[in-house]
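Report on the following structure.
The values are calculated or read from the model by the stated rules, or taken from the named source; none is laboratory data. Treat the numbers as computed from the prediction; the structure is a model and nothing was measured. Please note: Cβ atoms are built from the backbone with ideal geometry, for glycine as well, and neighbour counts cover all protein chains shown.
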Amino acid sequence: MWVAIVCNLRVPFVCFNLSMKIALAQFNPTVGDFAGNSARILSLSSQAKQRGAELAVFSELCLCGYLPQDLLERPAFIERNHQQLKELAAKTPLPSIVGYAGRVKNGTGKSIANKAALICGGRVIFEQDKMLLPTYDVFDESRYFQPADHQSVFGFSGEQLGITICEDVWNDKNFWAQQRYDRDPVTEIVGQGSTVLLNISASPYTLDKRSLRFEMLRSIALNHKRPVIYVNQVGGDDSLIFDGASMALTPDGNVAAQAKAFEEDLVLFDTVTGKGEVHEQPHEEIAYAYRALVTGARDYVHKCGFARVLVGLSGGIDSAVVASIAVDALGVENVLGVSMPGPFSSEGSKSDAATLAKNLGIRFITLPISGVFETYRQALAPAFGDRPVDVTEENIQARIRGNYLMAISNKFGSMVLSTGNKSELAVGYCTLYGDMAGGLAVISDVPKLMVYELARWINRGRELIPQSTLEKPPSAELRPNQKDEDSLPPYEVLDRVLKAYIEDLKSPQEIADHYGFNLKLVRDIALRVDRNEYKRKQAPPGLKITSRAFGFGRPFPIAQKFIP
């Protein structure tokens, strides 16, 4: 017999049911939307109860939304966390574990903690604070939170629950060659007799992370011989994309339950029988990445209060992929394609833009820029004098296009999606206030070669992106017969150097030695990356899908003279 807590009674009772069905409840919270987030928690907990679950587990900080950043420094925001948790506890039809930001009782350090609360019978019956606070990449949790000084196990419905929060499981000495932290919360709760390991997370998606995450959780299950239940947030929050894919693993490391990727979902897992529901996942990594970009674009646009978007269609591969993502994210009726041919636009590019719009089924308009460009040249002639034509005139064309797009945005209340990729943004092959204009840079963390992979994935069923767009040499078409390789190394070289330098933090010498590239070429690329930080600081936010994206997860000085 096990002694279990019954929520609607004030005294323990003897429970003869040794199995517990746990609902993995993943949903898409919005930062600061306490009412909306609570409504989703209540709805999912009701569904879980109807399906026979005895406990529902939600994700990290789901009550207030993750990542709240400096909202956590506002007392009113923390007060809303407490108030909403109290109201939620009074209404929740099923015992539930909910993540929220709450005050700490001790008088030292930070005043709040990242908490998991077990609510039951109208009140909070147990809380566990997060112990390991990440301070790398996009995370800076020690800026806000006080770490837990101990872990506790809680007896519930015949099980001993060991609750951890996100980073708390990312320090397994049996998995990592080097640990980031001195303590291991999982080992501590196992030592206290935990029979079920629960982890509530807000773990952002990056390429190849899902396999790493699975292997890490599997290692914990195998080494500690206990079921591991992992509930992850789903949806987009500014630049971050959360893939969900919550899972339950049996003590022998098998996946017994798994929720969908990039969708709200509810799956059940039985702690004793080891049975659960497994929903299918995208298999190919490129398919997973595409779903991530669609999710990120949809949630960024909607959570910022927009319904419609517009995309400048150049006839090139980048704008074609962005338009395709926009259609899948928002629907054909909410996407406008704008062709803005200039004096150097090829007939092929103009027809490719029109064909793409027709294939996607989106509205399409053409606004030529040649007349306005000529007016600019005449107006600036007295200032320019006899100086030769150079990149200045190229940038003017890009900025005219940016002005067109922003004018339509203002007039019709649509968000502009910029179309620059990571390779271009890295080396500054983009124009401030021109092709960089917009509200969201959808593929700013997608290297150029991966843009082509995405295009081929988009075309897997039928040709949406014209084949000619995939086959022609990439060009900005801002001067006669222009090609990207006039200004940049081949993308096969550039993308390798950029990944090694930006994501893997390798030196130019290490990169040159590893790939056999010319050292001067690698140094020049690295220098362009560093010297163009000022442009990236003025770019719209982008969607993060690599291990190191430009933006707040990569703080880098603008005014500096370090030469790699």
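Quick notes on this structure:
- Residue in region 47-59 that is in the same structural domain as Leu161 (by TED's automatic domain parsing), farther than 26 Å from Val196 by Cα, surrounded by fewer than 17 Cβ atoms within 10 Å (Cβ to Cβ) and touching a residue at least 60 places away in the same chain (Cβ under 8 Å) present: no
- Index of the failed condition, Gly36 passing every other in (1) without any contact (Cβ under 8 Å) to a residue 12 or more places away in the chain; (2) crowded, with 19+ Cβ neighbours inside 10 Å: (2)
- Considering residues of region 453-484 that are surrounded by 17 or more Cβ atoms within 10 Å (Cβ to Cβ), in a helix (DSSP H, G or I) and not hydrophobic (A, V, I, L, M, F, W, C) only, the residue modelled with the lowest pLDDT: Asp484
- Residue that is farther than 30 Å from Lys499 by Cβ, of a type in the set (D, E, K, R), outside the structural domain of Ile443 (by TED's automatic domain parsing) and at pLDDT below 95, where the choices are Asp172, Asp140, Asp149: Asp149
- Subset of region 361-394 [touching a residue at least 12 places away in the same chain (Cβ under 8 Å) and of a type in the set (Ser, Thr, Tyr)]: Thr366, Ser370, Tyr376
- Restricting attention to region 60-81, the residues that are surrounded by fewer than 15 Cβ atoms within 10 Å (Cβ to Cβ) and under 17 Å from Arg123 (Cα atoms) add up to 1.
- Any hit, region 47-66, residues being β-branched (Val, Ile, Thr) and farther than 19 Å from Tyr144 by Cβ: yes
- Candidates Val446, Val427 - the one that is crowded, with 24+ Cβ neighbours inside 10 Å and among the aliphatic types (A, V, I, L, M): Val446
- Ser507 vs. criteria buried (at least 21 other Cβ atoms within 10 Å of the Cβ), under 30 Å from Pro555 (Cβ atoms) and under 28 Å from the mean Cα position of the chain (by Cα): no
- Residue count for region 400-456, restricted to those that are of a type in the set (Lys, Arg), in contact with a strand residue (DSSP E or B) (Cβ under 9 Å, 6 or more places away or on another chain) and farther than 18 Å from Thr546 by Cβ: 1
- Matching residues in region 81-98 - criterion: being in contact with a helix residue (DSSP H, G or I) (Cβ under 9 Å, 6 or more places away or on another chain) and in a strand (DSSP E or B): Ser96, Val98
- Odd one out for Leu197, checked against (1) at pLDDT below 95; (2) crowded, with 20+ Cβ neighbours inside 10 Å; (3) touching a Gly at 6+ places or on another chain (Cβ under 8 Å): (1)
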